[in-house]
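Q: Take this structure, written in structure tokens, and hold onto it; I'll ask about it next.
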Amino acid sequence: MPGRGRPPTEGAGVAIESEVLVIGGGLAGATAALAAARAGADVRLVAHKDSTLSQASGLVDVLGQHQGELVADPLAVVPDLPEGHPYERAGLDALEAGLGLFDDVVPDYAGDHTDANALVPTHGGTVKPTARYPEHSAAGLASRPADALLVGFESLTDFDAPMAAAHLRNAGVPFDVRGVTLAFPGDLRADATVTRYAHVLEADESVGTDAGERGARAALAASIATELGDEERVGLPAVLGRDAPGEVRTDLESRLGVPVFEVPMGPPSLPGLRLEDALYDALDGAGVSLDTGNPVVGAEVADGAVERVLVERTHSEVPYHAERVVLATGGLVGGGVESDRERVHEPLFDCHVPHPADRYDWFADEPFGEHAAARFGVDVDRALRPRDASGRVEFANLHAAGAILGGADFAAEKSGSGVSLATGWKAGTLAGEGVA
């Protein structure tokens, strides 16, 4: 396997040096890099692909469900999670610190005023319990007893407003909700990207209407006004601008006379892209060196420690050396954990991934049963260092964070973002404090 037991390469070129090396550019990797930098370390983050944050809703879920029940106060439930869960490994203090770091570096988010989850309606008509959410979604919280009009667009098929409204009514929300579908100003094609919709509104492009040429925001507000009855708020798909959604939202509110909110969408997600921008701006401000677009292809180890990580650049392997390494490459979906017919493994350092020997035991009989595969990931100690099958630390200077950790069903628990923040903060802090 790449990296397992290989001695450091001599004569392979000058290594790129840093005190802490973070592998992975998602929420866990960005959090780890920021935490390590705050601990005073010289930090480099390497990532092969674009961040997966653009595929995320932009909501920060800490713990939305536990034992089949919705969770009102996730911080009260986290201490009850079983041994081996990432939250148990990191500790409640790490979760609170990770949320605090997020609140410090990401503007235009709400939820930090309370430990309780907020109930945010999504594009499918479900209500999602979440700990942090964009301010542009705040007026749409399902806990507010204000009637709502959901507005979809004929050319944007990813959001069916009448269907979403029907699902919300069936879910028993404490307000009336109605959905309508309108033509988007400018008559965009059905294959237009969400960023194109955002640009039209952010630039307030001139569009043709029955009343002649006018700005896109005025045209949209006029179209909505013809449908708006007694509703006290208006929900739109999350396309209200790429860089200045607050300006677009405020403009629409002033024209309509009611609060306007964005409904979080599936991928590609503008709230996710905005979150990515905020995190990477923070990384830049913290002095973190960023190296993206080049894959990590191997590692060199000696005496129970990672000596170098090998990054492929222009068809050659460039060694990156660091005193501490944070592994935040994702889980089965992100490629940080791989499986074949024989086994499940972590491909870079070949870290141990606990799993049943019989692959038929990886899944339950019921579609929504307790699938063991959902919890696959590396096993770590309380310093988030991967352990082998006997429970011994594999590499003294390697910490892991995020979805690569085993012991949690992130989709069922609705805990992925919170785990990334808690373990990213702890892994990054330990790495930063552990440099010589």
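The values are calculated or read from the model by the stated rules, or taken from the named source; none is laboratory data. Being a predicted model, the structure only gives us computed values, none of them experimental. Backbone-built Cβ (ideal geometry, glycine too); neighbour counts: all protein chains shown. The accessibility values were calculated without ligands, DNA or RNA, using every heavy atom of the protein model including side chains. Shrake-Rupley method; radii C 1.70, N 1.55, O 1.52, S 1.80 Å.
Q: Is it fair to say P185 is open to solvent by 70 Å² or more (accessible area, probe 1.4 Å), part of a loop (DSSP other than H, G, I, E, B) and over 20 Å from G266 (Cβ atoms)?
A: So P185 fails the test.
Q: In addition: Among the residues of segment 376-386, how many are open to solvent by 30 Å² or more (accessible area, probe 1.4 Å), in contact with a His (Cβ under 9 Å, 6 or more places away or on another chain) and either more than 24 Å from R324 (Cβ to Cβ) or in contact (Cβ under 8 Å) with a residue 24 or more places away in the chain (or both)?
A: 1
Q: Taking the options L275, L310, L348, L327, name whichever one is over 23 Å from G84 (Cα atoms), crowded, with 18+ Cβ neighbours inside 10 Å and under 25 Å from the mean Cα position of the chain (by Cα).
A: After ruling out the rest, the residue left standing is L275.
Q: Tell me which residues, restricted to segment 227-261, are open to solvent by less than 10 Å² (accessible area, probe 1.4 Å) and charged (D, E, K, R).
A: Within segment 227-261, just R233 meets the criteria.
Q: Looking only at segment 5-63, which residues are surrounded by fewer than 17 Cβ atoms within 10 Å (Cβ to Cβ), at pLDDT below 90 and in a loop (DSSP other than H, G, I, E, B)?
A: G5, R6, P7, P8, T9, E10, G11, A12, G13, V14, K49, D50
Q: Continuing with this model, one more query. Could you check, for segment 130-149, whether at least one of its residues is surrounded by 23 or more Cβ atoms within 10 Å (Cβ to Cβ), in contact with a Ser or Thr (Cβ under 7 Å, 6 or more places away or on another chain) and not in a loop (DSSP other than H, G, I, E, B)?
A: no
Q: Test of understanding: among A389, A408, A422, which residue is open to solvent by less than 30 Å² (accessible area, probe 1.4 Å) and either in contact with a strand residue (DSSP E or B) (Cβ under 6 Å, 6 or more places away or on another chain) or farther than 20 Å from Q67 by Cα (or both)?
A: Matching residue, one of A389, A408, A422: A422.
Q: If A190 satisfies all but one of (1) closer than 15 Å to V151 by Cβ; (2) surrounded by fewer than 19 Cβ atoms within 10 Å (Cβ to Cβ), what's the number of the condition it fails?
A: It fails just one condition, (1).
Q: Something else now. Can you confirm whether segment 287-295 contains a residue that is open to solvent by 30 Å² or more (accessible area, probe 1.4 Å), part of a loop (DSSP other than H, G, I, E, B) and either at pLDDT 95 or above or among the hydroxyl-bearing types (S, T, Y) (or both)?
A: Yes, the conditions are met somewhere in segment 287-295.
Q: Mind counting the residues in segment 278-307 that are more than 28 Å from the chain's Cα centre (by Cα) and touching a residue at least 12 places away in the same chain (Cβ under 8 Å)?
A: The total comes to 6.
Q: With respect to R89, determine if the residue is touching a residue at least 12 places away in the same chain (Cβ under 8 Å), in a helix (DSSP H, G or I) and either among the basic types (K, R) or closer than 24 Å to V173 by Cβ (or both).
A: When the stated conditions are applied, R89 passes them.
Q: Among the strands (runs of 3 or more DSSP E) confined wholly to segment 189-268, which include 1 or more residues that are closer than 28 Å to P129 by Cα and touching a residue at least 24 places away in the same chain (Cβ under 8 Å)?
A: Result: 233-237, 260-263.
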